[in-house]
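Enquirer: To start, I am sharing the structure in question, which I have written as structure tokens.
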């Protein structure tokens, strides 16, 4: 950079410092705009990252088929028993008919009470096979997960979730103890690690809390608890008969996911006249989430763009006032040999200094996004715990993620705004007739 | 005799809104030999300001020639005229015309800055100029911290810093009391004695009397040519 460049910049800074309040106000617009871009994009990224993480945990190679209560009472079986959902035959048909299938993991879940001595807690009893651990990424803090042998022998063994363990065994190691579910006792062989509950995703998957689970072999669940679940409610009884709650199908290759999902749908359609199941493809969800995120980001950039535009107009306004006020100075400079481009450079450098300062401040405050959000949440939690508790988990756990592109883009745009909105006032200053300008009072 | 500046049959027309043409200069020819000290007098509207603007390369003649330091500058473009102003001309104005946010040294530096001379030497030269006009102890002062006479001395230093062919002074004592005005006039006389060519516009006869000769303008023409002192 030539010394003239630095001199121009230095003089620009000097004139700006002469009117601190005015310069400060001019900066404010750009500063708010840049901060807004970074914060909004950061929060947007945070939300969609959360969603994408959850979907990824479901596994991109997986297809999740779940039993779903049909809307009307168009169920199989008669009387007060409602029978619906996936059947063991469906599972067998999938395993034998789908060539691309790597594995299919069946699962049955029932809400029950689990007891130990005088302690009782509501749990989700999950009947599953040993593969269930792998596909749901369950980590153990104690003991082992269910084995194939447990399944074959239909043993009364259980692996309990972290919260379940805390409820029933606050002061001791649960492994080796027995919990009671209905009339049966189950020997505890393992305890899972604490796992962050997942939020629901776009309505197709409900929120899940793995910490309140009790895992027992699917075969044990079938023989000890059975398919029929009777719930008594003040005077009436309801019974549901469901064989399998969920089948998680894994394919070998990501490219085979869509095709396999179609095969599964065709298979199920044949044997289920009413739609009492749902097929969820995490890969599709992931793609949807990504598209959604792009649109969301686009929207945010648009909003932020408007903020920056307004900031730019503010700067232009102030520069036009400055040019009028300094007409005489322009005349003097021209008389002393300043070319038109020198005048343009002078005023443009002032606007760029203004907007770049606003941009830098904005970037600085942009970096404060994460601590600010986390801090606000902590304060809110202390002051209004009910309000925080009533918020959806997505917001309760929102971690803003600063997107590097948004920081760079916001700063560059702010400088660009300076150039674009500074050019007109600078041109106007340069085009003045030096004689007229000198005569200006 | 070598000419510092020369105007030959210069015309200047202004077209007002509505198409009315004002003929501000109607064929003026003047020679300014090197070392000349000329006062230009005239009532307002006589064309003396227009002439000064032309001499200062702030404006171009409608017709005629202006030769400055041996170079015909009457057909140059805006950038070239700016270049000429920064290299060959020094301006002294009635209201000093210093730039408020700049210090004394920075004000003096401006013509060099626009020539592209930004260096330690340039700065050194500006400090010398300030010393020459007796403001060595005011280098970092702002114009508002100076008296009128001091401000005009800064302006003189600024007019001299680029070692110009011609110094143009527009009512240099107009805003000053007589004692300070006298001080400034002595300074101009000293500069002229050192060989500088000075062209001064004034309407005060006793100020004009300090020049070697006085030119009177009337209705866009040179009215008379009165020598007021011995021509060198």
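Computed from the coordinates by the stated procedures, all read-outs in this text should not be read as laboratory data. Here the structure is a predicted model, which is why all the values come from computation and not from measurement. Using ideal geometry, Cβ is built from the backbone for each residue, glycine included, and neighbour counts are taken over all protein chains shown.
Enquirer: Considering every Cα-Cα pair within segment A:69-275, what fraction, in whole percent, is farther apart than 27 Å?
Expert: When all Cα pairs of segment A:69-275 are counted, 36 percent exceed 27 Å.
Enquirer: On to the next question. If Rh is defined by the Kirkwood formula over all Cα pairs and Rg also comes from Cα, what ratio Rg/Rh do you get for segment A:63-165?
Expert: 1.01
Enquirer: Once both axes come from the Cα atoms, what is the angle between helix B:148-160 and the longest principal axis of chain B, in degrees from 0 to 90, rounded to 10?
Expert: 70
Enquirer: How many percent of DSSP beta bridges within chain A run antiparallel, rounded to 5? Each step should come with its number before you reach the end.
Expert: On the way: 45 of 57 bridges.
So the antiparallel bridges in chain A amount to around 80 percent.
Enquirer: Another question, if that's okay. Per-residue Cβ counts within 10 Å, from other chains only, averaged over B:54-62: what number is that?
Expert: Mean inter-chain Cβ contacts per residue within 10 Å come to 2.
Enquirer: Turning to a different aspect of this structure: Just tell me how shielded A:325-335 is by partners: mean number of partner chain Cβ atoms within 10 Å of each residue's Cβ, no decimals.
Expert: Across the residues of A:325-335, the mean count of other-chain Cβ atoms within 10 Å is 5.
Enquirer: Distance in nm between label sites at residue A:372 and residue A:320, each 7 Å beyond Cα in the beta-carbon direction?
Expert: Simple spin-label model gives 3.1 nm for this pair.
Enquirer: Mean separation of Cα pairs under 8 Å and 6+ residues apart, divided by the residue count of chain B: what relative contact order is that in percent?
Expert: 28
Enquirer: Among DSSP beta bridges whose residues both lie in chain B, state the antiparallel percentage, nearest 5.
Expert: Here the share of antiparallel DSSP bridges comes out near 55 percent.
Enquirer: Please report, in Å, the Rg and the Dmax of the protein assembly as shown, where both are computed over Cα atoms only.
Expert: Cα only, the protein assembly as shown: 44.4, 135 Å (Rg, Dmax).
Enquirer: When A:384, A:210 are ordered from fewest to most other Cβ atoms inside 10 Å of their Cβ, what list results? Intermediate values should be presented prior to the final figure.
Expert: Values: A:384 11, A:210 21.
Lowest to highest Cβ neighbour count: A:384, A:210.
Enquirer: Kindly work out what percent of the DSSP beta bridges joining two residues of segment A:69-275 are antiparallel, to the nearest 5. The partial results should precede the final answer.
Expert: On the way: 36 of 48 bridges.
Once the DSSP bridges in segment A:69-275 are tallied, antiparallel ones form about 75 percent.
Enquirer: Continuing with this model, one more query. Taking only Cα atoms of segment A:114-170, what ratio of Rg to Rh do you get with Rh as the Kirkwood inverse-distance radius?
Expert: Answer for segment A:114-170: 0.97.
Enquirer: On to the next question. Sort B:17, A:131 so that the residue with the fewest other Cβ atoms within 10 Å of its own Cβ comes first and the one with the most comes last. Could you put the intermediate results ahead of the total?
Expert: Details: B:17 5, A:131 19.
So the residues, fewest neighbours to most, are B:17, A:131.
Enquirer: Compute the helix-to-body angle for B:178-193: its Cα long axis versus the longest principal axis of chain B, expressed 0 to 90° and rounded to tens.
Expert: Compared with the principal axis, the helix lies near 80 degrees.
Enquirer: While we're on this one: Report Rg(Cα)/(2.2 N^0.38 Å) for chain B, keeping two decimals.
Expert: Values: Rg = 17.5 Å, N = 232, 2.2 N^0.38 = 17.4 Å.
Normalised Rg, Cα atoms only: 1.01.
Enquirer: Could you tell me the extents of segment B:95-222's C-alpha atoms along the three principal axes, largest first, rounded to whole Å?
Expert: Computed over segment B:95-222, the largest-to-smallest principal extents equal 45, 29, 27 Å.
Enquirer: So, R0 is 41 Å and r is the distance between the beta-carbons of residue B:120 and residue A:405; what FRET efficiency does that work out to, to 0.05?
Expert: Taking R0 as 41 Å, the efficiency between residue B:120 and residue A:405 is 0.40.
Enquirer: I've got another one for you. What's log10 of I(q)/I(0) for segment A:318-386 at q = 0.11, 0.12 Å⁻¹, Debye sum over Cα points only, no solvent?
Expert: -0.51, -0.55
Enquirer: Ok, one more. So how tilted is helix A:369-383 from the main axis of chain A? Cα-based, degrees 0 to 90, rounded to 10.
Expert: Once rounded, the angle reads 60 degrees.
Enquirer: Continuing with this model, one more query. Counting each DSSP H run of 4 or more residues in chain B as -39500 (n - 2.57), what helix-only mean residue ellipticity at 222 nm follows after dividing by all residues, to the nearest 500 deg cm²/dmol?
Expert: -10000 deg cm²/dmol
Enquirer: Something else: By counting other Cβ atoms within 10 Å of each Cβ, how are A:218, B:168 ranked from fewest to most?
Expert: Listing A:218, B:168 from fewest to most nearby Cβ atoms yields A:218, B:168.
Enquirer: Which residues in segment A:217-246 have a backbone N closer than 19 Å to a point placed 7 Å from the Cα of residue A:267 along the Cα-to-Cβ line?
Expert: Those under the cut-off are A:243-246.
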